[in-house]
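A quick write-up on the structure given underneath.
The values are calculated or read from the model by the stated rules, or taken from the named source; none is laboratory data. Please read all numbers here as calculations on a predicted model, not as lab measurements. In this analysis, Cβ positions are derived from the backbone assuming ideal geometry, glycine residues included, and neighbour counts consider all displayed protein chains. Remember, those area values only see protein heavy atoms, side chains included, never the ligands or the DNA or RNA. Shrake-Rupley method; radii C 1.70, N 1.55, O 1.52, S 1.80 Å.
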Amino acid sequence: MPLRFTLRQLEYFVAVGELGSIAQAAEKVNVSSPSISAAITQLEKEFGLPLFVRQHAQGLSLTQAGRRMMEQATHILQESDLLVDLAGDISGSVRGPLNIGCLVTFAQVVLPSVRRSFEAEFSEVRVRQVELNQAEIFSALRRAEIDVALTYDLDLPADLVFEGLLELPPYIMVAPDHPLADNSSVSPAELVQHPMVLLDLPFSSEYFLSFFAGLDIKPQIAERTKDMAVMRSLVANGFGYSIANIRPLNDLSPDGKPLRFIPLQQPARPMRMGLLMPTDAERANVIRAFVAHCKAQRGAGAIPHLSI
């Protein structure tokens, strides 16, 4: 008996099931809402099952049958992606889906440019990007939610492979009127006398605090934030110094106030930016091509060397 539904209809079904809204699903998959509605109606007719409960004020919710059908539809879509990958590997072409993760602290200044040049070179690759913290990157790679990630070499687990791209030494960020603003370099011992604004992300915060491990006095953490832009504005407005490795592309905080950047005296381990992936990831042509592209972009200076 021939199939009367398509992979595209299953994709629309899964999008509605995840988002609970035809309008949001239409935006996600970049088609019209009537196309989504028609696909759902066709699937319900073909399966002979109601997939959703229509609730005018609350959107759509999956029926019990719909939840089971969505699980299988998701599996079918994943298998179809693998089939495309296999065809590319056999033919030697670079095509199919590529899910890229990127550490949230530098995603905005690195990933869009790298992605644009990669898509221009490999037009048959469908790229999806997601911004994550370090712990989320580890989890997403292990669950195969992403194929590769741009991140730092922070507490890397043994079951993942890291390919270094750039070395970024740490530096101190202060407001121009800070007592240390005119120093040519700063030691951790000098910093403990002043309040600190800590970029409080998993693994990153431990790295920044490790610089004070050998001192009798601990740093004075006055403010914590998980957002690098907020951290820069807190520093520029006099709430304390902060430590970072990625320098912004200008010397202004997001609210327009000036900042100063000072090298942190050694020994302070630099962080390496690079690509993190599962051990067998480069067996896939599309991932191998992305790794090679990132290395070429680094060699051509297209990845900004964001250290002071």
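Looking at Tyr152, Tyr241, Tyr171, just one residue is open to solvent by less than 70 Å² (accessible area, probe 1.4 Å) and touching a Pro at 6+ places or on another chain (Cβ under 7 Å), and that residue is Tyr171.
No other residue among Leu249, Leu234 is open to solvent by 20 Å² or more (accessible area, probe 1.4 Å) and closer than 20 Å to Leu168 by Cβ apart from Leu249.
Among the conditions (1) in a strand (DSSP E or B); (2) open to solvent by 70 Å² or more (accessible area, probe 1.4 Å), Gln266 misses just one, which is (1).
Restricting to the stretch 283-297, name every residue that is touching a residue at least 40 places away in the same chain (Cβ under 8 Å), within 14 Å of Arg95 (Cα to Cα) and assigned to a helix (DSSP H, G or I).
Within the stretch 283-297, Arg283, Asn285, Val286, Ile287, Ala289, Phe290 qualify.
Restricting Leu234, Leu150, Leu180 to those that are touching a strand residue (DSSP E or B) at 6+ places or on another chain (Cβ under 6 Å), modelled with pLDDT of 95 or more and closer than 26 Å to Arg115 by Cα reduces the list to Leu150. Checked against (1) of a type in the set (A, V, I, L, M); (2) out of contact with any helix residue (DSSP H, G or I) (no Cβ under 8 Å at 6 or more places or on another chain); (3) at pLDDT 90 or above, Met277 passes all but condition (2). I need the full set of residues from the stretch 57-107 which are modelled with pLDDT under 75 and of a type in the set (Val, Ile, Thr), in order please. Scanning the stretch 57-107 gives Val84, Ile90.
Yes or no, residue by residue, for (1) within 16 Å of the chain's Cα centre (by Cα); (2) open to solvent by 30 Å² or more (accessible area, probe 1.4 Å); (3) of a type in the set (Asp, Glu):
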| position | (1), (2), (3) |
| --- | --- |
| Ala144 | yes, yes, no |
| Val148 | yes, no, no |
| Gly164 | no, no, no |
| Ser185 | no, yes, no |
| Val192 | no, no, no |
| Leu199 | no, no, no |
| Pro219 | no, no, no |
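Residues of the stretch 153-177 that are modelled with pLDDT of 95 or more and assigned to a loop (DSSP other than H, G, I, E, B): Ala175, Pro176, Asp177.
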